[in-house]
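The values are calculated or read from the model by the stated rules, or taken from the named source; none is laboratory data. Just so you know, these numbers come straight off a predicted model, no measurement behind them. Please note: Cβ atoms are built from the backbone with ideal geometry, for glycine as well, and neighbour counts cover all protein chains shown. Heads up: the accessible areas ignore ligands, DNA and RNA and are worked out on the full protein's heavy atoms, side chains in. Shrake-Rupley method; radii C 1.70, N 1.55, O 1.52, S 1.80 Å.
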2 protein chains.
Amino acid sequence: MRIHGMDAIFNPRSVAVIGASSDPKRIGGRPVDFLKRHGFDGPILPINPKSPEVQGLTAYPSISEAPTTPDLAVIALPAPLAVQAVEQCAAQGVRGAVIFSSGFSEVDADGAALQARMVDIAREGGMRLVGPNCLGIANVRHNLYATFTPGVEKHLPKPGGVSIVSQSGAFGSYCMTLVRMRGLGVNIWATTGNSCDVDFADAVAYCAQDDDTRVIMGYLEGATDRDRLVEALELARARGKPVVMMKVGRSAVGAEAAQSHTASLAGADAVYDAAFRQYGVYRAQSVDEMFDVTYACAESASMMQGDRLGLVTVSGGVGVLMADEAEKLKLDVPALPDHAQKKLKEVLPFAGVRNPVDVTAQLVNQIDLLETNMDVLFGDGEIDGAIIFMSTVGLVADLNEAIRRGLERIREKYPDRPMLFCSLTEPEGRAAYEKSGFIVFEEPTRAVRAMAALRYFARSFARAGEKDPIPELSNLSPLPDGIVNEIEAKALLAEAGIGIVRETLATTPEAAAQAAQEMGFPVVLKIASPDILHKSDIGGVALDLRSAEDVRSAGARILELASEKMPGARIDGLVVAEQAAPGLEAILGVTQDPAFGPVVMFGLGGVFVEALEDVSFRVAPFGPVEARRMIDEIRSRKLLDAFRGAPERDIDALAGALARLSAFAAHHGAALETIDVNPLIVGASGQGAVAADGVIIPANRGGH
Amino acid sequence: MRIHGMDAIFNPRSVAVIGASSDPKRIGGRPVDFLKRHGFDGPILPINPKSPEVQGLTAYPSISEAPTTPDLAVIALPAPLAVQAVEQCAAQGVRGAVIFSSGFSEVDADGAALQARMVDIAREGGMRLVGPNCLGIANVRHNLYATFTPGVEKHLPKPGGVSIVSQSGAFGSYCMTLVRMRGLGVNIWATTGNSCDVDFADAVAYCAQDDDTRVIMGYLEGATDRDRLVEALELARARGKPVVMMKVGRSAVGAEAAQSHTASLAGADAVYDAAFRQYGVYRAQSVDEMFDVTYACAESASMMQGDRLGLVTVSGGVGVLMADEAEKLKLDVPALPDHAQKKLKEVLPFAGVRNPVDVTAQLVNQIDLLETNMDVLFGDGEIDGAIIFMSTVGLVADLNEAIRRGLERIREKYPDRPMLFCSLTEPEGRAAYEKSGFIVFEEPTRAVRAMAALRYFARSFARAGEKDPIPELSNLSPLPDGIVNEIEAKALLAEAGIGIVRETLATTPEAAAQAAQEMGFPVVLKIASPDILHKSDIGGVALDLRSAEDVRSAGARILELASEKMPGARIDGLVVAEQAAPGLEAILGVTQDPAFGPVVMFGLGGVFVEALEDVSFRVAPFGPVEARRMIDEIRSRKLLDAFRGAPERDIDALAGALARLSAFAAHHGAALETIDVNPLIVGASGQGAVAADGVIIPANRGGH
């Protein structure tokens, strides 16, 4: 973890502003203005060679002439001067810098070289850098605004539990303003710009280890260091800090051209999607959703510990609407147990008591009954979380008072059951609820979505300690250079413990017949030649051979056709392969993702993969439990169960093969370009799964 | 159309309140209070046998003793008294009544009978009724509040173009408050309750013909009269009034058990979904979406006339987020033409000019350039609609002023291109934009969704005049009673003009051989017996017979096996059928939907239908153009194109078969229970489509 030294940036005792301007509207003036006006509690040292005073503060011509060495330097200078400033800071023992300057790697190769030099200088001097080409950082609790965003000129967020990490300054600023306007408190705010040193992963890790962070809101443009990102996300998960991420670019899926069939489907966006699920990140699809989930996570006393959602409503229609949304998001809206229904009916004779519980507008006349209702729901009903939809009741001040008192007692009694209150409100009414620690939504489906996120994180956190060992592979052969033929490919897969159909090379039809006899019938016979790629096209494949005589005559015929139709081809002989028992065909693949490295793909049958792009992904390596989750994600999942007279499939074997393939891919890392296991024939439960064909393309494809 | 007489309800000159109470908080007191206090411009006649004065107004003991006959009576009496009141009203020539009372069909059979009697009385007297068991109605422009909803006690919506029709009073009240709080104006508000006379369809039709309605917001629980609903929706479409509908209950799909395979998939909710698309209704999935679409439709000068969406943004990330959402909603975000990009680059050298156009925060320094930018986008870029995302700029009052002036000029120049402004705003800032007629969203993906709705309605309105004749079928045989055998079923389908594989019944193997010779080889031979349902199981089917000799021997064998394995079965002989050329297998079905009557289903191949439930629906009847849209809705649509070496399929023939099946189903109406055409074999383009098997189950299944 590279969070060492980052305290100098996010929690400095003193700050210098290099390139400080007397004009509080200029880039070099804003941080001085903000630090001073918003009350940063430590020395502020403007550095300006031309002026002894900046915005009422004593200024110094250079960092070496400042009276103390600051922890943090904010650098607002043109690119080449910024590099010099970093050099001087390093020499003085400054431990961190935030660099606003543009003109680095975002511009051209020269800029990138300049940036690399600056990083070298900083590393040598033990300094951490944020930026360049960024909007800066803030630590709200410490009134540290090392930024030039106009977003904090007039209004500041209150201190709170939301930390915001954004690669984009514009998006980061937008988020901070949004969070402030909607009344949430902020802890750390970081925009990482070119991310020359402190990158998205580092900033997330820093926030994850910080006790004042309750939830991390992230905006990611592209991951650069997979291992570090994964480490940061796993730290956040281990520390129980939800990460809510916005990652745009879904519609760019499939832009990269790739040779292999698998690769053409492994659009990077689908991989991000999968990786986020794998590491427990919640990916928001809209700004509303990003905010809503952040809000619920920041304010809820607990995540949702089970699937049972209780819905209480004054409008039957909205109850059904919420139930619809809950089903979509895989939350359960169970009928309450009979004794709970009976109890509810006693106190609320007018109510629908099944769940959704429709208390109808009648409740308004006996508002105290809401407390009883909730008590039955959580107690007898054993509901894990509840949404209370009150339509327009939230607009009525005196009713709200009574509702709040009741809900407070319920919360005290059931502190681990999240409750979301949903109603139209006026700002004051809403504020009163929020002041009492309640979470208020205006829109019922958004409340359901937020609750589903609380469930998502409960599941994700539970997985932090999950036993799901990655298969240990030993004695793997190195990947050969150049094209790997089918027999070699399957041999390599077999080394990884993936089942393959047994096969052997025979040089003559007679040898093939003998090999078949040893193997047992039926067998498949194929021409073996590095020069014949499309074997079936020349009649080079014979299926379902059931006797030695059949093998002999088919072998002779195959060799004859080969020499007739491909007269120049080198012929190695005949492949004799066991004919796999019929099963369901799956496709397993590996590709190299630019962000996440080797990634495993899974799908069923050619047509599902090709016509419906019904596939799922995982970042390698992973264990069989994760593989099962991967299997469960495809839409055609049903085909693996007993279906239309076919038996249930051996999902254990399939999950095992996926996990082993992932370990194999991780082992070879960048040496591998793609793997296609197509098909993997998945037998009935207990019958295993075998690869009937495999293609491995190493990164080093040799001269061919 | 049954809108006659509804003016008496929604635009009465005078109103009586029967059961008027002096207490303005009681059900009988509220309408008096509202009418009086909110300024209804006409006589208000409280009817109360016990008091000569109600809330300061002269009251009358009965409607017959009132000085004038009111157009509308509001009835707030217990159920039996309400019926008497209707009777008295009818006798006096009152033309409409709104009945709050509960205790009718929502309670039990006695209540239903009471309600039916009330309707008879009203019909005889030429009266229209709203309710009973409803929350009433309003006409905001005329200060008519014939309701007891607390929602209009303190605050009234302003007059405007949104009409709200809701079967549920609770939901209707919620909507009116929501619409008011978000600053939209309301025209008609109607809750229909038990809908004994004026139902959802009538109220929608009334709003559709009313010039003051710009958009109709609907909440539907269940349609009762399909024809009237369709007529109302088609009137709205013909008059260019968008209908935005909330219909909950998605998660109840498939609750009804049904015998037929098709029926088990034809969950009523999927049918509603299809019907809404078919008749141009926008179905909202959330309250936010319902409001957003209503808002955009009510305030936009124009729908979106083409697919080309322009995105202008100060944050590149949000630009991509909006593009992602646009792709999901099938809007096009095209790269601007080169000359437009060049022009933009000249005025905005710092901008990304492809589309999304990223004007960056720099624009803020030259805010006037936004106008030039938009001019190039609409002019040279030929964009059909634009979303302008300004992040936090909307919070800055003086910038807003300049932005508004520029956008006003653009709007004048391009009045038919919708523009949505998207930014964080303070209430005053937002109000200033809205006062100038601009549509403001806070959330970028919601703006995209609203724009997609404007596109949806433009397409839907264009279809109002579309030429898509329903196939005319003539000389159809009546459906037989009882089970229809396969040959009869296919003969009926053939009468409807649906291609079937040719087939004939032969009594002996020799006759079969002769029939095959006349038909041409290859043929299929099947045992013909009303007692043998699973023909293959007893070896009763032979495929791919290529000579008379083959037919003879296969025929003999089939008859032998039949008498051996099913000794008691009645044997009609052998079916000789043309063997259809290989093609893609489709499934066509018809079911009876409780709300929409005969409904046609379409899907591809058994596994897609069964494992993925990848089917689409349409209400019968429809033409081939609508059938093509139905075909385009399935996820596996790709399989109909040239795919994996297979040719493009004959989609014209498939669409024709669907349209003909729909006409056939509509012709037989309720006499039909289900049809399964499985498979319909769809040949290559120009090769047609033929039904290889068909099952027709009439509603009257005879004694079997």
Inset, instruction - Please indicate, with yes or no, whether at least one residue in segment A:430-444 is surrounded by fewer than 18 Cβ atoms within 10 Å (Cβ to Cβ), assigned to a helix (DSSP H, G or I) and within 14 Å of chain B (Cβ to nearest Cβ). - result: no
Inset, instruction - With the checklist (1) assigned to a strand (DSSP E or B); (2) surrounded by 24 or more Cβ atoms within 10 Å (Cβ to Cβ) in hand, flag the one item A:Gly160 doesn't pass. - result: (2)
Inset, instruction - Please work out which one of (1) within 29 Å of B:Glu426 (Cβ to Cβ); (2) more than 13 Å from chain B (Cβ to nearest Cβ); (3) buried (at least 24 other Cβ atoms within 10 Å of the Cβ) is the condition A:Ala201 fails and give its number. - result: (1)
Inset, instruction - Would you point out the residue of segment B:305-322, among those that are part of a loop (DSSP other than H, G, I, E, B) and within 13 Å of another protein chain (Cβ to nearest Cβ), that is surrounded by the fewest Cβ atoms within 10 Å (Cβ to Cβ)? - result: B:Val314
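Can you give me the ranges of the helices (runs of 4 or more DSSP H) entirely in segment B:336-414 with at least 3 residues that are farther than 27 Å from A:Ser173 by Cβ, at pLDDT 95 or above and open to solvent by 40 Å² or more (accessible area, probe 1.4 Å)? Reasoning before the result, please.
Values: elements: B:338-347, B:369-378, B:397-413.
Where helices (runs of 4 or more DSSP H) fall fully within segment B:336-414 and carry at least 3 residues being farther than 27 Å from A:Ser173 by Cβ, at pLDDT 95 or above and open to solvent by 40 Å² or more (accessible area, probe 1.4 Å), they are B:338-347, B:397-413.
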Legend entry - Scan of segment A:559-570 for residues that are of a type outside the set (Gly, Ala, Ser), touching a residue at least 40 places away in the same chain (Cβ under 8 Å) and surrounded by fewer than 18 Cβ atoms within 10 Å (Cβ to Cβ), ordered by number: A:Arg570
Inset, instruction - Quick one: B:Ser195 ticks every box in (1) open to solvent by 10 Å² or more (accessible area, probe 1.4 Å); (2) modelled with pLDDT of 95 or more; (3) more than 13 Å from chain A (Cβ to nearest Cβ) except a single one, so which number is it? - result: (2)
Legend entry - Filter result for the condition that a residue is under 26 Å from B:Leu156 (Cβ atoms), within 34 Å of the chain's Cα centre (by Cα) and without any contact (Cβ under 8 Å) to a residue 60 or more places away in the chain, over B:Ala73, B:Ala112, B:Ala59: B:Ala73
Inset, instruction - Could you pull out every one of the strands (runs of 3 or more DSSP E) wholly within segment A:637-701 that has 1 or more residues that are among the charged types (D, E, K, R)? - result: A:672-682
Legend entry - Residue among A:Leu229, A:Leu220, A:Leu233 that is within 14 Å of another protein chain (Cβ to nearest Cβ) and open to solvent by less than 30 Å² (accessible area, probe 1.4 Å): A:Leu220
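Please tell me if B:Asp7 is of a type in the set (Asp, Glu), open to solvent by 70 Å² or more (accessible area, probe 1.4 Å) and closer than 30 Å to B:Leu233 by Cα. Explain how you work it out, then say what you get.
Working: of a type in the set (Asp, Glu): yes; open to solvent by 70 Å² or more (accessible area, probe 1.4 Å): yes; closer than 30 Å to B:Leu233 by Cα: yes.
Judged against the criteria, B:Asp7 is a match.
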Inset, instruction - Kindly indicate which of B:Val677, B:Val609 is within 24 Å of B:Val524 (Cβ to Cβ), away from chain A (no Cβ under 14 Å) and out of contact with any Cys (no Cβ under 8 Å at 6 or more places or on another chain). - result: B:Val677
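Quick check, is A:Glu610 modelled with pLDDT of 90 or more and assigned to a helix (DSSP H, G or I)?
Considered against the rule, which asks whether it is modelled with pLDDT of 90 or more and assigned to a helix (DSSP H, G or I), A:Glu610 comes out as no.
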Inset, instruction - Could you tell me whether segment A:133-147 includes any residue that is open to solvent by less than 10 Å² (accessible area, probe 1.4 Å) and out of contact with any strand residue (DSSP E or B) (no Cβ under 7 Å at 6 or more places or on another chain)? - result: no
Legend entry - Top-ranked residue of segment A:467-493 - restricted to ones that are open to solvent by 40 Å² or more (accessible area, probe 1.4 Å) and among the charged types (D, E, K, R), ranked as farthest from the other protein chains (Cβ to nearest Cβ): A:Glu472
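When you check A:Leu156 against the structure, is it in contact with a Lys or Arg (Cβ under 8 Å, 6 or more places away or on another chain) and not assigned by TED's automatic domain parsing to the domain that holds A:Ala595, yes or no?
On the way: in contact with a Lys or Arg (Cβ under 8 Å, 6 or more places away or on another chain): yes; not assigned by TED's automatic domain parsing to the domain that holds A:Ala595: yes.
For A:Leu156, the condition - in contact with a Lys or Arg (Cβ under 8 Å, 6 or more places away or on another chain) and not assigned by TED's automatic domain parsing to the domain that holds A:Ala595 - is met.
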Legend entry - Looking only at segment A:637-671, and only at residues there that are under 23 Å from the mean Cα position of the chain (by Cα) and surrounded by fewer than 19 Cβ atoms within 10 Å (Cβ to Cβ), the one that is farthest from the other protein chains (Cβ to nearest Cβ): A:His667
Legend entry - Counted residues, segment B:163-191 - those being assigned to a strand (DSSP E or B) and either over 19 Å from the mean Cα position of the chain (by Cα) or more than 14 Å from chain A (Cβ to nearest Cβ) (or both): 8
Inset, instruction - Would you check if there is a residue in segment B:200-220 being free of Cβ contacts under 8 Å to residues at least 40 places away in the same chain, in a loop (DSSP other than H, G, I, E, B) and farther than 20 Å from A:Ala361 by Cα? - result: yes
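Got a number for residues in segment B:494-508 being in a loop (DSSP other than H, G, I, E, B) and either open to solvent by 50 Å² or more (accessible area, probe 1.4 Å) or free of Cβ contacts under 8 Å to residues at least 40 places away in the same chain (or both)? Write out each step before concluding.
Filtering segment B:494-508 for residues in a loop (DSSP other than H, G, I, E, B) gives B:496-499, B:501-502, B:507-508.
From what's left, either open to solvent by 50 Å² or more (accessible area, probe 1.4 Å) or free of Cβ contacts under 8 Å to residues at least 40 places away in the same chain (or both): B:502, B:507-508.
Of the residues in segment B:494-508, 3 are in a loop (DSSP other than H, G, I, E, B) and either open to solvent by 50 Å² or more (accessible area, probe 1.4 Å) or free of Cβ contacts under 8 Å to residues at least 40 places away in the same chain (or both).
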Inset, instruction - Go through A:Ala511, A:Ala452, A:Ala464 for me and flag whichever is part of a helix (DSSP H, G or I) and surrounded by fewer than 16 Cβ atoms within 10 Å (Cβ to Cβ). - result: A:Ala464
Inset, instruction - State which residue is surrounded by the most Cβ atoms within 10 Å (Cβ to Cβ) when the search covers only segment A:517-554 and only residues that are part of a loop (DSSP other than H, G, I, E, B) and touching a Lys or Arg at 6+ places or on another chain (Cβ under 7 Å). - result: A:Gly540
Legend entry - The listed residue being within 26 Å of the chain's Cα centre (by Cα), more than 13 Å from every other protein chain (Cβ to nearest Cβ) and under 24 Å from B:Asp544 (Cβ atoms), out of B:Ala586, B:Ala595: B:Ala586
Inset, instruction - Output the residue which, of all residues in segment B:572-591 that are modelled with pLDDT under 90 and either assigned to a loop (DSSP other than H, G, I, E, B) or open to solvent by 70 Å² or more (accessible area, probe 1.4 Å) (or both), is farthest from B:Arg635 (Cα to Cα). - result: B:Asp572
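Given the residues B:Ser260, B:Ser251, which is the only one that is away from chain A (no Cβ under 14 Å) and at pLDDT below 90?
Details: B:Ser251 fails: away from chain A (no Cβ under 14 Å).
Within the list B:Ser260, B:Ser251, the selection yields B:Ser260.
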Inset, instruction - Return yes or no: is B:Glu325 within 11 Å of another protein chain (Cβ to nearest Cβ) and of a type outside the set (Val, Ile, Thr)? - result: yes
Inset, instruction - Output the number of residues of segment A:263-304 satisfying the condition of being outside any helix (DSSP H, G or I), at pLDDT 90 or above and within 17 Å of A:Arg226 (Cα to Cα). - result: 3
Inset, instruction - Inspect segment B:612-630 for any residue being surrounded by fewer than 19 Cβ atoms within 10 Å (Cβ to Cβ) and more than 23 Å from the chain's Cα centre (by Cα) and give the result as yes or no. - result: no
Inset, instruction - Could you please find all residues in segment A:418-429 being out of contact with any Ser or Thr (no Cβ under 9 Å at 6 or more places or on another chain) and either over 25 Å from B:Leu178 (Cα atoms) or open to solvent by 50 Å² or more (accessible area, probe 1.4 Å) (or both)? - result: A:Glu426, A:Pro427, A:Glu428
